[in-house]
1. Out of (1) in contact with a helix residue (DSSP H, G or I) (Cβ under 9 Å, 6 or more places away or on another chain); (2) in a helix (DSSP H, G or I); (3) of a type outside the set (Asp, Glu), what's the single condition that is false for Asn349?
2. From the list Glu338, Glu373, Glu332, pick out the single residue that is in contact (Cβ under 8 Å) with a residue 24 or more places away in the chain, in a helix (DSSP H, G or I) and outside the structural domain of Ile273 (by TED's automatic domain parsing).
3. Let me confirm something: among Gly287, Gly233, Gly204, Gly294, which residue is within 30 Å of Ala156 (Cα to Cα), assigned to a helix (DSSP H, G or I) and at pLDDT below 95?
4. Can you tell me which residues in the stretch 276-329 are assigned by TED's automatic domain parsing to the domain that holds Gly127, over 15 Å from Cys236 (Cα atoms) and touching a His at 6+ places or on another chain (Cβ under 9 Å)?
5. In the stretch 438-457, which residue that is part of a helix (DSSP H, G or I) and among the aromatic types (Phe, Trp, Tyr) is modelled with the lowest pLDDT?
6. Given the criteria hydrophobic (A, V, I, L, M, F, W, C), in a helix (DSSP H, G or I), farther than 18 Å from Leu52 by Cα and in contact (Cβ under 8 Å) with a residue 24 or more places away in the chain, does Leu244 qualify?
7. Report whether or not Val123 is of a type in the set (A, V, I, L, M) and not in a helix (DSSP H, G or I).
Amino acid sequence: MKYQSITGKEWILSKYNENLSLEISQKLGIDNFLSKLLSIRKITPENCQSYLSPKIKEFMPNPSVLKDMDLAVDTLIKAIKENKRICILGDYDVDGASSTAIIVNFLKNIYSNFFIYIPDRQVDGYGPSVNSLKNIIEKKGEFLITVDCGTSSFEALEYANQNNIDVLVIDHHQAEIKLPKCKALVNPNQLDDKSNLGYLCAAGVSFLFIVALNRSLRESPDLYDYLDLVALGTICDVVPLIDLNRAFVYQGIQILKKRKNLGIKTLIDVADIKESPNTYHIGFLLGPRINAGGRIGQSDLGANLLTSEDPKKSYEIATTLDSLNKKRKTIEEDILNEAYLLAEKENSNEIILVANKFWHEGLIGIIASRIKERFLKPTIVISSTNNIAKGSCRSIFGFDIGLAILAAKQNGIVIKGGGHKMAAGFSIEENKISDLKSFLISKFKSSKPNFVQNNFIEIDGILSANAVNEKKVINKIALK
């Protein structure tokens with residue numbers, strides 16, 4: 001029997017290892033349905049417990065395995081001893097806000113001469129820019145930590161260097177062979193990093209940084225209390241839920257349930273989440289609200305919420321984010337209707353590229369995700385202002401869009417850009433958009449991702465509407 005989704009995609013059942021499934025079921029007394037799901041993921045009986053209930057200590061590496069980690073710690077400690085005014089600059093998405101909060105909330109235990117700067121999406125653009133550096137200098141910033149950004153910010157970091165501002169980059173986005181000028185760059189996705197931690201989001205890398213920093217300072221804050229922030233960034237940045245990431249999320253949800261972070265606690269209440277919070281609540285209820293500030297409102301609202309210790313301020317920010325999220329949904333629906341029509345016309349191409357100068361720049365990432373989900377093709381959505389266009393990309397397994405955008409930058413097609421395997425962003429002159437489209441289609445054809453060339457979705461299994469027990473099993477896999 002053939003099964004098909006409402007979008008016309010054929011469902012292909014994943015093959016499971018019958019012998020492994022039986023072994024798991026018999027040795028551990030695990031439900032047959034769960035043992036099948038575990039066998040699909042190649043989980044052995046010995047690893048089942050650590051997969052379903054992962055503990056940090058089982059997966060936690062020595063942070064020093066990350067290139068430049070020890071140098072980064074020493075550099076920051078030196079800045080603290082010299083009482084330099086430190087700026088923490090984070091991206092305006094959930095991972096950026098979470099990473100910023102991890103660093104800031106830790107620093108509160110040991111230092112006070114610092115401030116947060118979250119770039120304005122439309123004024124500053126992504127990551128550190130010359131404009132944002134000028135603002136930081138005006139605020140008397142002397143030392144800069146960039147989180148969830150900075151790896152591709154060559155011009156901005158050169159400007160910082162010229163103005164005697166030391167820079168520490170903590171990031172996870174793909175790096176070029178050439179790296180920006182900075183004191184230390186901690187990023188598992190730079191070419192000569194040997195940590196094998198490239199699956200981490202910025203919040204995960206930031207947590208490893210404070211572990212290393214705490215080790216050097218011999219301070220005693222309970223770092224487990226920051227795992228709710230790590231889980232927030234990990235889930236919302238849609239990185240693979242494997243190994244250390246699974247442990248971060250599993251343990252982070254336990255911290256989330258204790259409602260220790262005032263900002264998250266307040267947002268849970270404002271979002272009217274009555275149940276014990278899980279991955280669904282983080283990904284679909286909390287994340288979009290935190291993102292709303294950076295998309296269509298004030299970019300620093302998310303970071304300010306996650307670092308707030310004032311109940312009144314937390315409530316004001318949470319309610320503002322809730323209102324912005326409702327506004328975002330309305331605007332998004334209008335754009336999406338237009339974008340789907342344009343995407344239909346592009347569907348004969350290997351890559352879908354749609355553009356409209358009137359689309360809100362803060363929403364093109366969501367639109368790209370929706371189009372990609374519907375058409376199962378790499379998607380680029382573009383908005384433009386004053387002849388300079390901003391693009392957001394979402395990809396499918398088998399086509400590394402982050403590397404493709406870096407290649408476009410190296411070929412002089414885009415002004416700046418970067419990302420990772422599944423998502424990327426860029427700036428481009430309007431008259432080069434067609435060149436970019438041709439370039440990406442060529443890259444796509446040369447990569448030959450088999451998954452997309454077939455009109456199917458690979459699934460683990462099919463459930464009936466009343467399959468209550470099986471749904472409980474799926475919740476275990478999904479860390480709910």
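1. (2)
2. Of Glu338, Glu373, Glu332, the one residue that is in contact (Cβ under 8 Å) with a residue 24 or more places away in the chain, in a helix (DSSP H, G or I) and outside the structural domain of Ile273 (by TED's automatic domain parsing) is Glu332.
3. Just one listed residue meets the conditions, Gly294.
4. Correct list: Ile296 only.
5. For the stretch 438-457, the residue satisfying everything is Phe444.
6. So Leu244 fails the test.
7. Judged against the criteria, Val123 is a match.
Matching residues to (1) part of a loop (DSSP other than H, G, I, E, B); (2) in contact with a Cys (Cβ under 9 Å, 6 or more places away or on another chain):
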site	(1), (2)
Asp74	no, no
Ala79	no, no
Leu89	no, yes
Tyr111	yes, no
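The values are calculated or read from the model by the stated rules, or taken from the named source; none is laboratory data. Owing to the predicted nature of the structure, the values given are computational and were not obtained by experimental measurement. Ideal geometry is used to build each Cβ from the backbone, glycine not excepted, and the neighbour counts take in all protein chains shown.
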